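The values are calculated or read from the model by the stated rules, or taken from the named source; none is laboratory data. The shown structure was predicted, so the numbers you read here are calculated from the model rather than taken from an experiment. With ideal geometry, Cβ positions are generated from the backbone for all residues, glycine too; neighbour counts draw on all protein chains shown. Please note that ligands, DNA and RNA were not included when accessible areas were found on the heavy atoms of the full protein model with its side chains. Shrake-Rupley method; radii C 1.70, N 1.55, O 1.52, S 1.80 Å.
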Amino acid sequence: MDQGASPARVTLDTPVWDRGVRAFHWLLAAAVAGAAYTGFFDKRLALRLHLILGVAVMVLVAFRLVWGFLGGSYARFASFVPSPRALIEHLRRLGDPHPARHLGHNPLGALMVLGLLCVLAAIAATGTVALGGFLKQGPLAPFTSFATGQLLLQVHKALAILLVAMVVAHLAGVAFESWRQHENLVGAMLTGRKRVLPPAEQAAPARPHPRAAAAVLAATVAAGGAGVALLAARPGLGVPPARLDPTYVADCGACHMAYPPELLPAPSWSAIMADLSHHFGEDASLGPRDTAAIAAWLRANAATRWDTLPAHLFRTVDPAKPTLITATPAWRRLHRAIPAAVFRQQPVVSAANCGACHRDAASGRFAPQQIVLPRGVKA
């Protein structure tokens, strides 16, 4: 170093972002990017990955909250949560040719960090509620109605769009500050080190406690995981029992799939059972006792009886073909992208063979994660 250099021009390289902050930052970026892709562009078939990435985001946010109290100097909330006065002063001096330096987050950047954490937590919360009500999956399925899940799904989507806007604003802010401060802030988040150009605002020294943080996070994840498993094992609100009527399965399932009754409304089932001698081109007549018992069970468990997504979708029929599941507006809409040739291939053979692609068809759940094309079938 030049001994004659002015103190104001002395630059030193100092550690700022510890490993916890850097690992959190890049892992969160990857998880959010993956969740955004699977949520916006591959909604149905990538749901399993979307849920995994969502859980990863929740764990990372939990870690950051813990690390905000037990991390190093610039990781702690106490070092960068801005006061309203500091935020206003920072905004007022954005055009200053000689801006004040902050080794950690400047007030606007700190506000963005807090905002992102809050929005991510809200996305996770609304996603969990939507999953419970809309698909009857997860820990809140026993307590959440379909209507609530549907509403929170829209909120979840709106928050996801807000998150994308915030990420774009964050990247713009990083680019602007890198230009304004003549410093590569992306590189600093990779190396953890930044230049010190005295005078620079520095945080009070604080020693990180990684073991304590790991213990708190592990206990939180373990308790949360146990609670989720316990609640998810309970039956969902408005979900029909998985076991179908034995007489129905024996008599109707002998010739074709025993369709879950929530796939049609009660009038459609009544029409089917009233004309078994002309059952889609065949004579499927049963004894009076079995016919009456099956008809009563189908009506009692028809689409309007339950609160699942299939029940809500399939309670609306085609007036011209009210007894055909494959003629319902919902079925046609959900399968419109599948070429007709797929339904003629072995082992599918027919559009009515739900179990060929839906591994949980017999239960009536029709979860997106359970959609798998049979081997050899090309869509």
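Data overview
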| read-out | value |
| --- | --- |
| Tabulated pairs, the range 317-343, first farther than 20 Å from S268 by Cα, second aromatic (F, W, Y), C-beta under 9 angstrom, 6+ apart or interchain | H335/F343 |
| Test for A125: is it under 26 Å from F146 (Cβ atoms), modelled with pLDDT of 95 or more and either of a type in the set (G, A, S) or open to solvent by 30 Å² or more (accessible area, probe 1.4 Å) (or both) | yes |
| Some residue of the range 290-302 being charged (D, E, K, R), free of Cβ contacts under 8 Å to residues at least 12 places away in the same chain and farther than 28 Å from F143 by Cβ | no |
| Those residues of the range 92-112 which are within 35 Å of the chain's Cα centre (by Cα) and open to solvent by 30 Å² or more (accessible area, probe 1.4 Å), in sequence order | H105, L108, L111, M112 |
| Among the residues listed as V196, V239, V216, the single one being surrounded by 14 or more Cβ atoms within 10 Å (Cβ to Cβ), over 27 Å from A36 (Cβ atoms), of a type outside the set (K, R) and touching a strand residue (DSSP E or B) at 6+ places or on another chain (Cβ under 9 Å) | V196 |
| Out of T308, T323, sole residue that is β-branched (V, I, T), out of contact with any helix residue (DSSP H, G or I) (no Cβ under 6 Å at 6 or more places or on another chain) and open to solvent by less than 40 Å² (accessible area, probe 1.4 Å) | T308 |
| Complete set of residues in the range 128-167 that are of a type in the set (K, R), assigned to a helix (DSSP H, G or I) and surrounded by 23 or more Cβ atoms within 10 Å (Cβ to Cβ) | none |
| Test result for L28, within 20 Å of V119 (Cβ to Cβ), part of a helix (DSSP H, G or I) and modelled with pLDDT under 90 | no |
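This table checks each residue for (1) among the aliphatic types (A, V, I, L, M); (2) open to solvent by less than 50 Å² (accessible area, probe 1.4 Å); (3) under 17 Å from V16 (Cα atoms); (4) without any contact (Cβ under 8 Å) to a residue 12 or more places away in the chain.
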position	(1), (2), (3), (4)
A172	yes, no, no, yes
E177	no, yes, yes, no
Q181	no, yes, yes, no
G192	no, yes, yes, no
A206	yes, yes, yes, no
A212	yes, yes, no, no
T220	no, no, no, no
